[in-house]
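Where a number appears in this text, it was derived from the coordinates with a stated rule and is not lab data. Remember, predicted model here, so these are calculated numbers, not experimental data. For neighbour counting, all protein chains shown are included, and Cβ atoms are generated from backbone atoms with ideal geometry for every residue, glycine included.
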Amino acid sequence: MEGKVLFSPKHSAFLWLLVVAAAVMGCGQSGPNRAPITGQITVGGKPLAAGRILFTPIAPNQGPATSARITDGNYQLVESRGGAVV
């Protein structure tokens, strides 16, 4: 009785192509679009010495909230570190 070949070199190449395509497609940006934000917080006209500012999406927008540390009145959210959802 002659055995069947389940995976020929042709099938093997196709399988590798599928694996590579899946890996490339899985490496794209996921989640909502984000944007960098910078600003200054003052209290009574003077920069706030220290604190934290929280950004949350307003309906109908959805997404995660994010926050930034305030130092000498300034804050900065960098897009690559989770900037605000746009």
TODO: Which order do the peptides 45-57, 64-76 take when ranked by the mean count of other beta-carbon atoms within 10 Å per residue, highest first?
DONE: 64-76, 45-57
Task: Computed label-point distance, nm, for sites Gln40 and Val78 using a 7 Å Cα→Cβ extension - done: 2.2
